[in-house]
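Worksheet: the structure to be examined is printed underneath.
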Amino acid sequence: GRKVLGIGIGWNWIVPILFVDTSDMWLASRPQRIAVHWAGPYTHLILGGTASILAYWLDNSSIKDGLQLFAGGSYLLFILNLIPALNLDGHYLLKELRTSNSPG
């Protein structure tokens with residue numbers, strides 16, 4: 001029942017990124033916020049897995065190499081997103097999980 005306030009393309013350090021403004025989710029329930037924070041890393045994991053499976057089945061070496069490179073980058077972004085010290089999805093995910101276990 002929440003609204004996506006915007007989507008677009010932006011710059012993060014030296015690379016272009018796709019972004020979705022989900023700031024309306026701060027008003028949602030805790031499990032819904034956890035699901036939104038998990039969506040980013042989960043997407044990288046699914047994209048990396050899909051590229052890995054396609055690379056395994058393809059015979060064309062240039063496409064296979066590109067898919068393997070894409071999969072490796074996706075897995076790296078998955079891991080980086082889950083590092084709590086960085087102000088990324090993993091930080092907010094851990095914060096929500098920690099708050100949900102505290103009394104009151």
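The values are calculated or read from the model by the stated rules, or taken from the named source; none is laboratory data. Keep in mind the model is a prediction, meaning the values are calculated, not measured. Only protein heavy atoms, including side chains, enter the accessible area calculation; ligands, DNA and RNA are left aside. Shrake-Rupley method; radii C 1.70, N 1.55, O 1.52, S 1.80 Å.
So here's what we get for this one:
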quantity	calculated
Extended-chain gain in nm, criterion 0.36 nm per residue less alpha-carbon gap, Leu5 and Asp21	5.2 nm
At least 15 Å along the helix axis (C-alpha) and Kyte average at least -1.0, DSSP helices within the chain	30-57, 61-81
Max mean-square fluctuation residue, GNM over the chain, Cα-Cα springs under 10 Å, options Leu58, Leu47, Leu76	Leu58
Average accessible area per residue (Å²) across segment 37-81 - probe 1.4 Å, nucleic acids and ligands excluded	66 Å²
Carbon + sulfur, % of accessible area of the chain - ligands and nucleic acids excluded, 1.4 Å	68 percent
Gyration tensor verdict on the chain (Cα atoms; rounded if a/c is under 1.5, prolate if a/b is larger than b/c, oblate otherwise)	prolate
